[in-house]
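Only one structure is covered here, and it is reproduced in the block below.
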Amino acid sequence: MRYERLARAYEEIESTSGALDKIAIFAEVLKEAEAAEIDRVIALTMGKLFPDWKGEPEIGIAEKMAVQVVASAASVPEKRVHELLRSLGDIGAAAEELLSESVQATLWADELTVNRVFDTLYQTAKASGQGSSREKVSLLVGLLSEAQPLEAKYILRTVTGSLRLGLGHMGMIDALAIAFTGGRETRGDIERAFNVCSDLGYVARLLAEKGIDAVRSISVEVGRPIRMMAAKKLSDPVEIMQKVGGRALVEYKYDGERLQVHKDDDEIVLFSRRQERITDQYPDVVEYVRKHVRSKRCVIEGECVAIDPGTGEMRPFQELMRRKRKTDIEEMSKEVPVRLFFFDVLYVEDRDVTGRPMLERRSILEKIIDVSRDVRLTTGEVTDSAERLEEIFMAALDTGHEGVIAKAVHEHSTYQAGSRSWLWIKLKASYTEGMSDSVDLVIVGALHGRGKRTGVYGAILAAAYDDETDTFPTVCKIGTGFTDEMLQEFKERLEPLVAETRDPRIISDIEADVWFEPRLVIEVLGDEITVSPIHPAGRDKIGEGGLAIRFPRFTGRWRDDKDPTQATTVSEMIELFEQQRGER
């Protein structure tokens, strides 16, 4: 497939407002592509060459380097690119305009293919070590020299992570269903396959080559992370018991990092919630699994919790984040030892057990774990009483835990990969006072500090994630409750992410002094969720304005275990708002 065909589809999708129309346009592209290149079409459209779990390098071109590339390709000074970038707010549009003025671009551009673009971007991503920046620039300039201006626009947007099509995973899954099965009826099968294997490109190629039955046969494999199941959140034990069907396994909620452990005899791989390989960060955990997990081949999930080496007591999540280092790992393992609390099993020996009820999975887990000081099962109890649920909740708080998770135990209490359902419901201390839930928000901008805050950011602009449009609409401006240490940490973490212009995916009516690439996630609490004329999150859904958090405050917790697309979604914000108003 010619890349120009894909670029023209991107242009049409971008200028189309309706979600169904966007999906229809992309479905036509998929129909025209060769089966052998479908995975690359999907990868380029997702803006990621490979899933995180494969451990392959990603493109990751910063705006500064992109400016160098455009200046070289268009034979203009970088100053000219900066001026146009400030005017247009989009490096892709700047590249398109400058290359349109270039005689060379018009006369000598070749017909680029999807494979040529993908291969060059992969070469660019792999360039490392001394001189790698020059090599990356050279490769991209060479690619742009073969590109038409419109192609250059979307190549630049792809490499800078700002494709801004408003076509997320779910939209692409719908397009695949339409393109290869004639309708959206099979979208559930395709979504399930994606959630189980965590590679939409692989699912797409299998669908194109072998059909929907082959996709339906995709099952759990050791070594491929499964998209983790998530819990809903409520503050009323009576309502929780009603939602789970009247009976629940109530487990303590631990303040740690969720791990998915894949064990194939002596080979052990650890995946994070973000589906990144984090095996090297936890050599001690690998040994715990080797010694205390009896099954030769299994996939199990648990919480990894930091432990005080002196007292043996559990330490907060932020302590555990010190383990996110690439050097001195052995030394850090001694400074911040950990304990494992397993709570689910998804695969054991040659059996995918995600379709089995919760208590059956718990029973299997009990049989394959040798409990020790460092490896345990989560503390849990089955109850049909809301009063007992509250008692367990209070006991959890008294022993330093976050709260509890109530899990349905009826015959349909399966492990639903990639979903957030009423089968699992969290009750945490923070949900019983103030706002009924904490939320995980993406930092997108900041306002300069004044007075005592001169030199640091005075307020942070935060956004939810709209998974339907792949955008980040703002929900609050956080300006109180910061310690001096917090303000300094914000500055240190955010400065590398400063952008010259607002990322097109950031939707904001507030003009920030500084815009950031939307990458970092923080936990936020507030008094309530309100309707706001200032913040755009959910504005098209609730009809009264957007949603905002009243009196927001940073809890001090950085969600380094979550990527921006795993932040609280706009639909979840709406759900919380309706719960607050008593509509659910």
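Couple of notes before you dig in:
- Of the residues in the range 328-335, not one is in contact with a Ser or Thr (Cβ under 7 Å, 6 or more places away or on another chain) and of a type in the set (A, V, I, L, M).
- Those strands (runs of 3 or more DSSP E) of the range 443-559 in which at least 1 residues are of a type in the set (A, V, I, L, M), considering only elements entirely within it, cover 457-463, 472-478, 514-516, 521-525, 528-532, 546-550.
- Residue selected from the range 279-322 under the condition within 18 Å of Asp563 (Cβ to Cβ), crowded, with 20+ Cβ neighbours inside 10 Å and not aromatic (Phe, Trp, Tyr), by the criterion modelled with the highest pLDDT: Gln281
- Per-region count, the range 163-197, residues surrounded by 23 or more Cβ atoms within 10 Å (Cβ to Cβ), under 16 Å from the mean Cα position of the chain (by Cα) and not in a helix (DSSP H, G or I): 1
- Output for the range 197-234, where each listed residue is polar (S, T, N, Q) and without any contact (Cβ under 8 Å) to a residue 60 or more places away in the chain: Ser217
- Only one of Asp561, Asp527 that is at pLDDT below 90, more than 19 Å from Thr471 (Cβ to Cβ) and either surrounded by 19 or more Cβ atoms within 10 Å (Cβ to Cβ) or touching a helix residue (DSSP H, G or I) at 6+ places or on another chain (Cβ under 6 Å) (or both): Asp561
- Residue, nearest to Met65 (Cα to Cα), within the range 457-499, restricted to residues that are more than 23 Å from the chain's Cα centre (by Cα) and polar (S, T, N, Q): Gln488
- Search result, residues across the range 143-196 that are β-branched (Val, Ile, Thr), within 17 Å of Asp21 (Cβ to Cβ) and without any contact (Cβ under 8 Å) to a residue 60 or more places away in the chain: Ile173
- Options Lys210, Lys243, Lys232: the member that is among the charged types (D, E, K, R) and under 22 Å from the mean Cα position of the chain (by Cα): Lys232
- Scope the range 121-133; condition assigned to a helix (DSSP H, G or I) and more than 15 Å from Ala66 (Cβ to Cβ); matching residues: Tyr122, Gln123, Lys126, Ser132
- Boolean, Val238 is surrounded by fewer than 17 Cβ atoms within 10 Å (Cβ to Cβ) and more than 24 Å from the chain's Cα centre (by Cα): yes
- Residue ID - modelled with the lowest pLDDT, chosen from residues in the range 134-161 that are in a loop (DSSP other than H, G, I, E, B) and within 21 Å of Phe50 (Cα to Cα): Gly161
- The one condition in (1) on the phi > 0 side of the Ramachandran plot; (2) at pLDDT 90 or above that Ile507 fails to fulfil: (1)
The values are calculated or read from the model by the stated rules, or taken from the named source; none is laboratory data. All values derive from a computational prediction rather than experimental measurement. A quick note on method: Cβ atoms are made from the backbone with ideal geometry, for glycine too, and the neighbour counts reach across all protein chains shown.
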